[in-house]
Amino acid sequence: MKEHQKEFGLIFWTHLFLILFSYLSFLYVDWKIIFLGVVFLQIYYLLRGGCDLTFAEFGNDKDTTFVWFYLHKKFPNLNQKTTKIFIRFIFPIFLIIMSFFLQKIMGYVPLITI
């Protein structure tokens, strides 16, 4: 029971909120801000070696990601390295492309623009 409480504590909910907020950002944030956010996040990962919230929750294991840890509970064969590459590189690029397409090509105006 104590491990379950640790896994789903304040850090978990904060991390989950930030991830959902960023994954849905294409709906309410200008694509240029998203692009800058992705660039800054990559620099942050390079400098820190990972996410401080993940380190606080799981220790200083630089290979563990929040998404992999919780998905691995449902999908035990989920590859940790592939998940990390997808979460850190592929999805952010997809998010930039999707926000650019929605906003520049389709004419959608987000809530926060520059």
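The values are calculated or read from the model by the stated rules, or taken from the named source; none is laboratory data. Values in this document were obtained by computation on a predicted structure and should not be read as measured data. Neighbour counts run over all protein chains shown; Cβ positions are idealised from the backbone, glycine included. Side chains included, ligands, DNA and RNA excluded: accessible areas come from the protein's heavy atoms. Shrake-Rupley method; radii C 1.70, N 1.55, O 1.52, S 1.80 Å.
Could you go through region 50-70 and let me know if any residue there is open to solvent by 90 Å² or more (accessible area, probe 1.4 Å), farther than 30 Å from Ile114 by Cα and polar (S, T, N, Q). Yes, the conditions are met somewhere in region 50-70. Remark: pairs (first residue in region 7-26, over 27 Å from Met98 (Cα atoms); second residue at pLDDT below 95 and of a type in the set (Gly, Ala, Ser); Cβ separation under 9 Å; 6+ apart in sequence or on different chains) = Ile11/Ala56.
Results for (1) in contact with a His (Cβ under 9 Å, 6 or more places away or on another chain); (2) modelled with pLDDT under 95, shown as yes or no for each residue.
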{"residue": "Phe17", "(1), (2)": "no, no"}
{"residue": "Tyr44", "(1), (2)": "no, no"}
{"residue": "Gly49", "(1), (2)": "no, yes"}
{"residue": "Leu53", "(1), (2)": "yes, yes"}
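Could you check, for region 23-37, whether at least one of its residues is open to solvent by 80 Å² or more (accessible area, probe 1.4 Å) and either under 24 Å from Phe12 (Cβ atoms) or not in a helix (DSSP H, G or I) (or both)? Yes - at least one qualifying residue is present in region 23-37. Please determine, by comparing only the residues of region 74-91 that are within 16 Å of Asp61 (Cα to Cα) and either basic (Lys, Arg) or touching a residue at least 24 places away in the same chain (Cβ under 8 Å) (or both), which one is surrounded by the fewest Cβ atoms within 10 Å (Cβ to Cβ). Here the residue is Lys81.
Does Ile114 qualify as being open to solvent by 30 Å² or more (accessible area, probe 1.4 Å) and not in a loop (DSSP other than H, G, I, E, B)? Even if it seems obvious, please write down each step before you answer.
Details: open to solvent by 30 Å² or more (accessible area, probe 1.4 Å): yes; not in a loop (DSSP other than H, G, I, E, B): no.
In short, no.
Yes or no: region 93-101 includes at least one residue that is open to solvent by 40 Å² or more (accessible area, probe 1.4 Å) and either within 24 Å of Phe12 (Cβ to Cβ) or in a loop (DSSP other than H, G, I, E, B) (or both). No, the conditions are met nowhere in region 93-101. Cβ-Cβ distances below 8 Å connect the following pairs, each with a first residue in region 33-52 that is closer than 20 Å to Ser99 by Cβ, a second residue that is open to solvent by 70 Å² or more (accessible area, probe 1.4 Å), and a separation of six or more residues or different chains: Ile33/Ile112; Ile33/Ile114; Val38/Ile93.
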